[in-house]
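Everything below concerns the one structure shown next.
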Amino acid sequence: MTTSNDVALGGLDTPVGHITVAVTSTGLARVSWARRHVAGAALPAAGDQARVRAVTTQLAAYFRGELRAFDLPLDWRFVSGTARVVLQTLHATVGYGRSVTYGELAERSGTSVPARGIGAVMGSNPLPVVVPCHRVLAHDGLGGYSGGDGTNGLEVKRWLLTLEGVLPPTFDWSPDHL
């Protein structure tokens, strides 16, 4: 497999905050709720906005409720070991409008990671939304979520699950904002 030595950065505003993406020539390497971040700390920036546009176009369609499955190549090189196995299992087996508990994902992944460990893997997911850690729930509720601006993670998780139909909308829910 060939991997690039540079990364193109870009972003978009969404109803749940600004999202920044980092895309190598291999694929999407990072999604972040921040205006700036480093993806693959040693990789120099590239000005290839076509790479970025392919990702932001699909993310924008998802947030409008028009896209149910991302068709993006992913660059997994910044995730290793058990975390990679768990996240790839999540990506491959939990589709739009579905959810799974931390324990069920542990079982599906075939790892010996306990449910609490799965929560830690979800918290370190470098590709949220595309690798849908928001679809992983506690056995007795939503569980946690590290998405958003750091102060509204559970509200972002609730918004994403409502968009996908996993949770019913409340009277004040709007697809335009939290």
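The values are calculated or read from the model by the stated rules, or taken from the named source; none is laboratory data. Everything numeric in this text was worked out from a predicted model, so none of it was measured. When we count neighbours, we look across all protein chains shown, and the Cβ atoms used for this are built from the backbone with ideal geometry, even at glycine. Note: areas computed on protein heavy atoms with side chains; ligands, DNA, RNA excluded. Shrake-Rupley method; radii C 1.70, N 1.55, O 1.52, S 1.80 Å.
Applying 1/(1 + (r/R0)^6) with r as the Cβ-Cβ distance of residue 5 and residue 71 and R0 = 25 angstrom yields a FRET efficiency of 0.50. From most to least packed by mean Cβ count within 10 Å, the peptides 71-80, 121-130, 159-168 give 121-130, 159-168, 71-80.
If Lys and Arg each add +1 and Asp and Glu each add -1, what is the summed charge of the other residues whose beta carbon sits under 10 Å from the beta carbon of residue 25? Neighbourhood net charge equals -2.
Take 24-30, 5-11, 149-155 and order them by the average number of nearby Cβ atoms within 10 Å per residue, most first; the result is 24-30, 5-11, 149-155. Charged side chains reduced to their Cβ positions (Lys and Arg at +1, Asp and Glu at -1) give the chain a dipole of some 300 debye around its Cα centre. Short-range pairs are left out: with C-alpha atoms under 8 Å and at least six residues apart, the relative contact order of the chain is 20 percent. For the chain, the share of DSSP beta bridges that are antiparallel, to the nearest 5, is 70%.
Grab the Cα-Cα distance for residue 116 and residue 49, subtract it from 0.36 nm times how many residues apart they are, and report the gain in nm with one decimal. Let's see the in-between values first.
Working: separation 67, 0.36 × 67 = 24.12 nm, distance 3.83 nm.
20.3 nm is the gain from fully extending residue 116 to residue 49.
What shape does the chain take by its C-alpha gyration tensor, where a ≥ b ≥ c are the square roots of the eigenvalues and a/c under 1.5 counts as rounded, a/b above b/c as prolate, and the rest as oblate?
Details: a/c = 1.84, a/b = 1.18, b/c = 1.56.
Cα axes put the chain in the oblate bin.
In the neighborhood of residue 173, defined by Cβ-to-Cβ distances under 12 Å, what is the net charge if each Lys or Arg adds +1 and each Asp or Glu adds -1? It would help to have the intermediate numbers written out before the result.
Details: positive: 158; negative: 155, 172, 176.
Around residue 173, the charge tally is -2.
Note on residue 138 and residue 84: their simple-model spin labels are 3.2 nm apart, each label 7 Å out from Cα toward Cβ. For segment 113-178, just say rounded, prolate or oblate: build the C-alpha gyration tensor, square-root its eigenvalues into a ≥ b ≥ c, call rounded for a/c under 1.5, and beyond that prolate if a/b exceeds b/c, oblate if not. Prolate, since a/c reaches 1.5 and a/b exceeds b/c.
The phi torsions of segment 19-27, fed into the Karplus equation with coefficients 6.51, -1.76 and 1.60 and a -60° offset, translate into couplings of 10, 10, 10, 10, 10, 8, 5, 7, x Hz, rounded to whole numbers, with Gly and Pro shown as x. Rolling a 1.4 Å probe over the protein heavy atoms leaves residue 113 with an accessible area of roughly 30 Å². For the pair residue 107 and residue 154, a Förster radius of 30 Å applied to the C-beta separation gives a FRET efficiency near 0.75, rounded to the nearest 0.05.
Between residue 61 and residue 12, what length in nm is gained on full extension when 0.36 nm per residue of separation is reduced by their alpha carbon distance? Here the segment from residue 61 to residue 12 would lengthen by 16.5 nm.
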